[in-house]
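Q: I have a structure here, written as structure tokens, and I will follow up with some questions on it.
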Amino acid sequence: MIKAYLTIDDVTTSLTPGIVDFLTSKSITPIMFCWGERLLAHPDEAIYALKHGVILQNHSFSHPEFSKLSLWKAKREIMKNEKIIESLYKKAGVDRPFKLFRFPYGNNGGEKAEDLQEFLERKGFAHIDDRAFADDAYFRPDHKQKRDVLWTFDFAEYNLREGNPFTFDDVKKNVKNFIELHEDDPDDGKAHHIILIHDHEETEERHPGYFQEQITMLLDAGVKFAIPKIQ
């Protein structure tokens with residue numbers, strides 16, 4: 001049986017409340033990794049998500065490639081967004097259960113990677129509970145010791161763009177391959193995967209209902225979603 005955490009990147013947009021309502025109807029608690037500039041543009045959507053039990057976390061302020069930033073600017077990207085997220089939790093009247101961070105594009109800072117890991121630890125960012133994951137679950141070696149949140153499977157629906165030959169049939173193939181590869185995972189009640197989907201208005205324009213359709217495919221295949229926990 002496949003059991004996974006659901007994570008959603010690049011929140012918030014005008015789509016966010018609809019995504020929240022759909023996931024609530026399916027009793028799924030996601031982690032939404034928030035892009036700070038979008039939080040400023042869509043604060044009400046963020047508060048709506050918080051009041052409906054969604055866990056909002058940090059995905060940087062301007063969504064840069066961290067390897068191209070100075071260490072000072074990289075730290076500022078994280079902490080500037082932290083202030084926004086903390087203020088939204090306060091406005092929503094919701095206690096933040098823990099602090100998590102995900103680098104945009106999975107770019108962990110290159111030569112600054114270890115400095116940034118130390119910074120995340122010092123600022124109280126937690127590590128998601130991945131102790132039940134296979135040793136090779138992540139695409140980056142030794143990630144189980146790191147403070148940022150990676151993923152184990154990405155369906156790549158963000159490639160649905162004008163001029164890109166990638167289609168939603170390719171997304172379906174990715175889902176099918178994921179299911180076939182992991183359908184014999186241990187049925188021990190623990191999450192063994194982190195699934196990544198994006199909250200993108202551009203994808204919705206190319207394939208309306210893309211988010212709900214992906215989740216429905218997973219549920220129909222027997223995937224169970226775990227409540228996010230930290231170590």
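A short reminder: the numbers here are calculations on the coordinates, not readings from a lab. What you see is a predicted model; the values in this text were computed from it and never measured.
Q: Do you know the relative contact order of the chain, to the nearest whole percent, from alpha carbon pairs under 8 angstrom that are 6+ apart?
A: 31 percent
Q: Please report, largest first and rounded to whole Å, the three semi-axes of the ellipsoid equivalent to the chain, where each semi-axis is the square root of five times an eigenvalue of the C-alpha gyration tensor.
A: They are 25, 21, 19 Å, listed from largest to smallest.
Q: For H127, list long-range residues whose amide hydrogen, built 1.01 Å from N in the peptide plane, is under 5 Å from its own amide hydrogen.
A: HN-HN under 5 Å from H127: Q231.
Q: Show the residues, 5+ positions off or on another chain, whose built amide H is closer than 5 Å to the amide H of F33.
A: Result for F33 returns I8, D9, D10, V11, Q57.
Q: Cross-link candidates for K83: which aspartates and glutamates have Cα within less than 13 Å, leaving aside residues fewer than 8 places away along the same chain?
A: E37
Q: With θ set to phi - 60°, apply the Karplus curve 6.51 cos²θ - 1.76 cosθ + 1.60 along region 90-106 and write out the HN-Hα couplings as whole Hz, x wherever there is a Gly or Pro.
A: For region 90-106, the Karplus-derived couplings read 5, 5, 7, x, 10, 7, 6, x, 5, 10, 10, 9, 10, 6, x, 6, x Hz, x marking Gly and Pro.
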